[in-house]
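J.: Just passing along the structure, written as structure tokens.
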Amino acid sequence: MNLLMIVADQHRADALGVCGRFDIKTPNLDALAARGTYFKNAFTPLPVCTPARQSMLTGLNPDSYGAFWNPGFFHASDPPKNEYWPEKLRQSGMKNVFLGKWGASAEGSPLDWGYDEYVSFGEYGKMIDEKYPDRARFGWFGGTSSLPLCDSKTHWLAARAAEKVKELSGRSWHIRVDYTDPHLPCEVCEPFASMYDPETTELWDGYGDTFEDKPYIQKQQTISWGIDGMGPDDWKVPVARYRGMVSQIDDSVGIILDALRESGQEDDTLVIYTSDHGDTCGSHGMLDKHYILYDDVVKVPFIAAGCGVKAQTREELVSVGFDLAPTIDGLFGTSSPKAAGASLAPILAGESVPGWRKEINASSNGQQFGFFNQRMLRDSRYKYIWNLTDIDEFYDLEQDPGEKKNLIRMPEHAGRIEKMRKRLLEILKEQGDLFMKGGWLDCQLAEGRKHIGRKP
């Protein structure tokens with residue numbers, strides 16, 4: 001059995017046709033979901049590139065060893081040295097190839113993590129600079145690319161991946177393909193740049209947040225970006241562009257899947273599509289993913305198909321970080337270091353799993369605009385966010401899917417919030433969150449000792 005793992009960068013969970021929330025065209029990913037398992041409730045453990053990608057490799061909570069953010073602004077710890085699942089697959093005789101964005105470590109490349117071959121974007125950048133020295137350049141809001149689609153980064157990467165799929169036919173392999181899109185700025189090629197009309201584009205559920213009773217840093221973030229004066233018509237342009245980039249990625253994924261089918265390997269290959277985290281893209285009037293734990297950024301697409309995976313849609317709360325390593329162990333017979341999650345293998349086979357988690361956690365720690373630590377616990381309806389140095393948040397996702405009304409002060413929710421606080425404390429201690437060392441902050445969760453948690 002082969003493993004093809006495709007990872008986008010900042011792909012929102014609701015930016016998929018199969019999700020059904022918005023009119024977004026992703027025919028290849030929808031077809032993949034139709035023949036496999038589509039997880040409606042998949043989450044990242046930490047919505048920042050490097051920690052999220054590390055967790056995919058290790059199954060660990062990044063907060064347990066100090067991977068709080070991306071490298072570049074501050075030190076970002078690497079996971080403890082160990083033989084994680086890519087190395088285990090290689091030891092079992094598989095040929096491992098990594099193509100595209102690495103981003104999981106500033107101290108090593110995929111070749112240090114169990115991959116035999118690494119095709120980076122260095123070759124692509126050199127080709128583009130030589131071939132299109134006068135190409136259009138864009139700021140954070142992106143624009144219509146002057147490149148032909150065949151020379152876009154998405155389709156160049158897909159073409160290289162398709163070549164590897166065909167080249168390795170006849171032997172056991174694992175190929176991982178990591179895009180840099182739809183991470184801003186979205187530089188979209190035609191015909192996808194014109195696919196979505198801004199005038200008729202529907203904004204995300206979180207648009208229109210007033211930030212009433214919300215942490216100070218959220219409104220400040222819009223001011224820091226210089227976007228606090230943008231209205232709905234302003235946001236519809238980048239939202240339409242983002243959706244165009246998602247459709248462009250989908251088209252390029254089709255190239256890889258065609259190669260799999262044409263080489264006769266479709267039945268022998270487990271295909272996984274997911275993302276490291278989501279993107280606000282105008283939701284809550286924000287850009288990017290910092291200082292929040294809204295579903296915009298913590299919820300991700302997750303599809304698995306092939307090799308006996310049942311065609312189904314599942315509601316379970318799953319983690320693309322914590323659960324991936326145990327799942328690969330369960331399907332490929334490897335033995336990775338202990339992870340924070342559990343194997344999805346029984347779920348992929350269509351089984352019900354008694355005792356599967358009823359809640360899921362994620363975290364954020366800020367980045368280049370300043371530190372701001374927060375931890376989330378979410379079940380199928382409610383979300384509690386512990387903001388270590390500011391007001392906490394509590395949302396009823398059934399009544400308020402956009403998470404615009406913070407209910408943390410509402411007395412009718414006090415009992416549920418207390419239970420979620422205490423459960424979050426248990427989980428963070430189990431996972432070794434570094435802020436749990438010494439017990440200095442236990443009282444906030446165990447006893448609800450929050451200065452601004454409720455009006456006097």
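So that you can scan it fast, the table gives a plain yes or no per residue for (1) within 30 Å of Leu331 (Cβ to Cβ); (2) open to solvent by 50 Å² or more (accessible area, probe 1.4 Å); (3) assigned to a loop (DSSP other than H, G, I, E, B):
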{"position": "Ala162", "(1), (2), (3)": "yes, no, no"}
{"position": "Gly170", "(1), (2), (3)": "yes, yes, yes"}
{"position": "Ile175", "(1), (2), (3)": "yes, no, no"}
{"position": "Asp178", "(1), (2), (3)": "yes, no, no"}
{"position": "Glu199", "(1), (2), (3)": "no, yes, no"}
{"position": "Glu202", "(1), (2), (3)": "no, yes, yes"}
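J.: Ser105 - would you say it is in contact (Cβ under 8 Å) with a residue 40 or more places away in the chain, open to solvent by less than 20 Å² (accessible area, probe 1.4 Å) and either within 30 Å of Pro71 (Cα to Cα) or of a type outside the set (A, V, I, L, M, F, W, C) (or both)?
T.: The answer is yes for Ser105.
J.: While we're here: Looking only at region 7-22, decide whether some residue is β-branched (Val, Ile, Thr), in a strand (DSSP E or B), touching a residue at least 12 places away in the same chain (Cβ under 8 Å) and under 30 Å from Glu163 (Cα atoms).
T.: Yes, that holds for at least one residue.
J.: Return yes when Pro79 is surrounded by 13 or more Cβ atoms within 10 Å (Cβ to Cβ), modelled with pLDDT of 95 or more, farther than 17 Å from Lys164 by Cα and of a type outside the set (Lys, Arg) and no when it is not.
T.: no
J.: Quick one: which of Val309, Val297 is part of a loop (DSSP other than H, G, I, E, B), surrounded by 22 or more Cβ atoms within 10 Å (Cβ to Cβ), at pLDDT 95 or above and among the aliphatic types (A, V, I, L, M)?
T.: Val309
J.: Let me ask another. When the residues of region 424-440 are filtered to those that are within 29 Å of the chain's Cα centre (by Cα) and among the hydrophobic types (A, V, I, L, M, F, W, C), which remaining residue is surrounded by the fewest Cβ atoms within 10 Å (Cβ to Cβ)?
T.: Within region 424-440, the match that is surrounded by the fewest Cβ atoms within 10 Å (Cβ to Cβ) is Leu434.
J.: Quick one: how many residues across region 85-127 are of a type in the set (S, T, N, Q) and within 17 Å of Ser55 (Cα to Cα)?
T.: 2
J.: I need the full set of residues from region 204-232 which are in contact with a helix residue (DSSP H, G or I) (Cβ under 8 Å, 6 or more places away or on another chain), open to solvent by 30 Å² or more (accessible area, probe 1.4 Å) and more than 19 Å from Glu403 (Cα to Cα), in order please.
T.: Selection gives Met230 alone.
J.: Looking at region 307-333, I want the residues that are over 16 Å from Val353 (Cα atoms) and of a type in the set (Val, Ile, Thr) and have a partner that is part of a loop (DSSP other than H, G, I, E, B) and open to solvent by 10 Å² or more (accessible area, probe 1.4 Å) with Cβ atoms under 8 Å, at least 6 apart or on another chain. Which pairs are those?
T.: Ile328/Thr334; Ile328/Ser336
J.: Among the numbered conditions (1) more than 28 Å from the chain's Cα centre (by Cα); (2) closer than 27 Å to Pro62 by Cβ; (3) not in a helix (DSSP H, G or I), tell me where Cys443 comes up short.
T.: Looking at each condition in turn, Cys443 falls short on (3).
J.: Ok, one more. Find all pairs meeting these conditions: Cβ atoms under 7 angstrom apart; at least six residues apart or on different chains; first residue within region 414-425 and farther than 16 Å from Lys358 by Cβ and assigned to a helix (DSSP H, G or I); second residue modelled with pLDDT under 95 and open to solvent by less than 20 Å² (accessible area, probe 1.4 Å).
T.: Matching pairs, first to second residue: none at all.
J.: Same structure again: Does Arg409 qualify as being out of contact with any His (no Cβ under 7 Å at 6 or more places or on another chain), at pLDDT below 95, open to solvent by 10 Å² or more (accessible area, probe 1.4 Å) and of a type in the set (Lys, Arg)?
T.: When the stated conditions are applied, Arg409 passes them.
J.: For residues that are under 26 Å from Lys164 (Cα atoms) and of a type in the set (Gly, Ala, Ser), scanning just region 118-152, find the one that is surrounded by the most Cβ atoms within 10 Å (Cβ to Cβ).
T.: Ser152
J.: Among the numbered criteria (1) open to solvent by less than 10 Å² (accessible area, probe 1.4 Å); (2) of a type outside the set (Gly, Ala, Ser); (3) over 30 Å from Glu107 (Cβ atoms); (4) touching a Ser or Thr at 6+ places or on another chain (Cβ under 6 Å), which one does Tyr38 miss?
T.: In the conditions (1) open to solvent by less than 10 Å² (accessible area, probe 1.4 Å); (2) of a type outside the set (Gly, Ala, Ser); (3) over 30 Å from Glu107 (Cβ atoms); (4) touching a Ser or Thr at 6+ places or on another chain (Cβ under 6 Å), Tyr38 misses (1) alone.
J.: Still on this model: Only one residue in Ala325, Ala342 is closer than 28 Å to Met1 by Cα, open to solvent by 20 Å² or more (accessible area, probe 1.4 Å) and modelled with pLDDT of 95 or more, so which one is that?
T.: Within the list Ala325, Ala342, the selection yields Ala342.
The values are calculated or read from the model by the stated rules, or taken from the named source; none is laboratory data. In this text, all values refer to a predicted model and were calculated from it rather than measured experimentally. So basically every Cβ, Gly included, is an ideal-geometry build from the backbone, and we count neighbours across all protein chains shown. Only protein heavy atoms, including side chains, enter the accessible area calculation; ligands, DNA and RNA are left aside. Shrake-Rupley method; radii C 1.70, N 1.55, O 1.52, S 1.80 Å.
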